[in-house]
Amino acid sequence: MATYYLKQKSKKKPRFSRRAYYKTVGGGLIFVGLISMSYFFFPLFSYQLFIASAFSNNQIETPIPKYLQLKENGGINDLVNQGIASLTQDFTDARNWYPNLESKTKGIKVSSYNVSIPKLKIENAQVSTKDYDLSKHLVQYFGTSIPGEKGTAIIFGHSTLPQLFDPLNYKAIFATLHTLKVGDEINATVGEATYKYKIFAINITSPDDANILSQSYDNSYITLVTCTPPGTVWKRLIIRASLESIK
């Protein structure tokens with residue numbers, strides 16, 4: 001009597017097992033978590049390195065106030081809040097830097113002028129006095145003095161990671177502003193006149209410190225303002241220069 005055997009078809013194994021699926025998803029979540037942590041906590045380490053380097057090179061003339069230290073006034077909470085702000089606010093609109101202050105564009109004498117910073121190889125960067133778009137030019141804070149006049153011209157500009165610095169890209173033009181030192185030169189060209197300014201003070205302050213917008217009328221001054229550490233919106237780097245001569 002002949003015996004017959006039926007060959008049972010083997011079941012195809014799924015391409016991805018449930019275990020492999022969970023591993024993939026878990027790995028992805030860990031990766032996203034690490035990226036998020038890096039985004040929020042990079043400013044902490046960058047800031048400390050920046051401050052140490054700045055003091056060792058005598059870049060910062062005035063002491064860092066205690067309220068700017070990480071251990072004071074919330075510290076980590078402040079760091080995280082600023083990280084969230086950078087994702088939810090459009091910092092290419094200069095009005096968002098100090099949203100609680102009134103924007104004054106009436107009675108403008110000069111619609112734009114140029115600024116050059118020889119050390120940074122920034123040549124004839126346009127400064128607008130009548131609109132707010134930091135992606136297209138630098139922006140002078142509304143209603144402050146024009147270079148050459150008594151008072152202070154307060155100029156905002158974008159920064160990013162230093163390796164992305166581009167003097168022709170207004171989203172990255174101030175990425176290396178932190179390398180300036182006391183005594184370096186800033187030139188402002190208004191019409192046919194060029195005014196030479198010399199840096200006399202460098203400071204770091206909180207993003208809500210409106211005192212940097214104050215005016216001094218005993219001479220002509222320029223104040224450059226950008227975010228720091230480079231690539232973050234955590235603090236503000238303030239570069240102050242006074243008029244030395246007219247070229």
**Prompt:** Restricting the search to the range 132-170, which residues are without any contact (Cβ under 8 Å) to a residue 40 or more places away in the chain, part of a loop (DSSP other than H, G, I, E, B) and surrounded by fewer than 16 Cβ atoms within 10 Å (Cβ to Cβ)?
**Reply:** LYS136, ASP166, LEU168, ASN169
**Asked** For the range 122-135, how many residues meet the condition of being at pLDDT 95 or above and charged (D, E, K, R)?
**Response** 1
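Please work out if ALA175 is touching a residue at least 60 places away in the same chain (Cβ under 8 Å) and of a type outside the set (S, T, N, Q).
Numbers: touching a residue at least 60 places away in the same chain (Cβ under 8 Å): no; of a type outside the set (S, T, N, Q): yes.
Considered against the rule, which asks whether it is touching a residue at least 60 places away in the same chain (Cβ under 8 Å) and of a type outside the set (S, T, N, Q), ALA175 comes out as no.
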**Asked** Looking at the range 229-242, is at least one residue touching a Ser or Thr at 6+ places or on another chain (Cβ under 6 Å), modelled with pLDDT of 90 or more and polar (S, T, N, Q)?
**Response** no
**Message:** Looking only at the range 180-192, filter to residues that are at pLDDT 95 or above and among the aliphatic types (A, V, I, L, M); which one of those is nearest to PRO118 (Cα to Cα)?
**Reply:** ILE186
**Message:** Against the definition (over 17 Å from the mean Cα position of the chain (by Cα) and among the aliphatic types (A, V, I, L, M)), how does ALA201 come out, yes or no?
**Reply:** yes
**Message:** Exactly one of these conditions fails for LYS119: (1) surrounded by 13 or more Cβ atoms within 10 Å (Cβ to Cβ); (2) modelled with pLDDT of 70 or more; (3) out of contact with any Asp or Glu (no Cβ under 8 Å at 6 or more places or on another chain); (4) over 23 Å from ILE146 (Cβ atoms). Give me its number.
**Reply:** (3)
**Request:** Could you tell me which residue of the range 120-130 is nearest to TRP97 (Cα to Cα), considering only residues that are within 19 Å of the chain's Cα centre (by Cα) and outside any strand (DSSP E or B)?
**Result:** LEU120
**Prompt:** What are the residues in the range 171-187 that are in a loop (DSSP other than H, G, I, E, B) and among the hydroxyl-bearing types (Ser, Thr, Tyr), if any?
**Reply:** THR176
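Take ALA201 and tell me if it is under 29 Å from ASN96 (Cβ atoms), buried (at least 16 other Cβ atoms within 10 Å of the Cβ) and out of contact with any Cys (no Cβ under 8 Å at 6 or more places or on another chain).
When the stated conditions are applied, ALA201 does not pass them.
Filtering the range 196-217 down to residues that are among the β-branched types (Val, Ile, Thr) and not in a helix (DSSP H, G or I), which residue is farthest from PRO118 (Cα to Cα)?
THR205
The values are calculated or read from the model by the stated rules, or taken from the named source; none is laboratory data. None of the values given here were measured: they were computed from a predicted structure. Positions of Cβ are generated from backbone atoms using ideal geometry, with glycine treated the same way; all protein chains shown enter the neighbour counts.
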